[in-house]
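The structure under discussion appears below in the form of structure tokens.
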Amino acid sequence: MSAKETDAAQSGQEHSADTYADESAVIGVTAGEERYLIPMTEVSEVIVMPKLAHVPLTQPWFLGLANVRGNLYGITDLGVYLGDKPVPFNLKSRVLLSFTDNKVYGGFAVHSMLGIRKLSEFTQVKSPKKKLPAGIRAHYQDAEGRIWKALSLYALIRDDKFLQIAR
């Protein structure tokens, strides 16, 4: 990754599907029943599910707050936030930590990690909806015919819905 790409990623600049290079490294995850591809440049760390401080009167997708090395992260159930039904977390579940240059810290709970991939392993396919939900950039298909959604955590962190955790 070039210094320019790293600077752009750390500053929280949004990516579009067109700016994802075929050789871009992405992290494959499952959240709910869906598979997602997340640019590695948008994930600062992957951790096991931390102890959470419950916050009352919040949206069902907001799991609570976690203190990770002195920084408070709001932890979101990524699957529920993106419209899936709640699925229990297990020992394979992880939290993807991400933050933007304006110090908005987000943690995204996923059900399993599916490894680091290159976007060139996938074929972009037409999105089933004309208007994609916030954060979803494109749809891809793997060699086995499974559909994956390209997801930008930075776009989620900047989305007004994401910033409004109160019910």
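The values are calculated or read from the model by the stated rules, or taken from the named source; none is laboratory data. Remember, it's a predicted structure, so these values are computed and weren't measured experimentally. Remember, those area values only see protein heavy atoms, side chains included, never the ligands or the DNA or RNA. Shrake-Rupley method; radii C 1.70, N 1.55, O 1.52, S 1.80 Å.
These residues, 127, 93, 44, go from largest to smallest accessible area, 1.4 Å probe, as 44, 127, 93.
Using the Kirkwood radius over Cα pairs, work out the Stokes-Einstein diffusion coefficient for region 27-96 at 10 °C and 1.306 mPa s, in µm²/s as a whole number.
Values: Rh = 13.0 Å.
Translational diffusion coefficient: 122 µm²/s.
The relative contact order of the chain comes to 28 percent, based on Cα pairs under 8 Å that sit 6 or more residues apart. Which of (i) 10, 41, 38, 11, 1; (ii) 10, 39, 35, 15, 2; (iii) 9, 25, 19, 19, 15, 8, 4, 0 is the computed P(r) over Cα pairs in 10 Å bins from 0, in percent for the structure on display? For P(r) over Cα pairs in 10 Å bins from 0, in percent, the calculated option is (i).
Ligands, DNA and RNA aside, residue 77 has an accessible area near 10 Å² when probed at 1.4 Å. Structure note, pairs 51/161; 51/130; 85/161; 131/161: Cα-Cα distances above 28 angstrom occur for 51/130. Rounded, prolate or oblate for region 61-129? Axes are the square roots of the Cα gyration tensor eigenvalues, ordered a ≥ b ≥ c, and the cut-off for rounded is a/c under 1.5. Prolate, because a/c is 1.5 or more and a/b exceeds b/c. Helical content of the chain, expressed as a calculated mean residue ellipticity at 222 nm, amounts to -3000 deg cm²/dmol (DSSP H runs of 4 or more residues, -39,500 (n - 2.57) each, divided by residue number, nearest 500).
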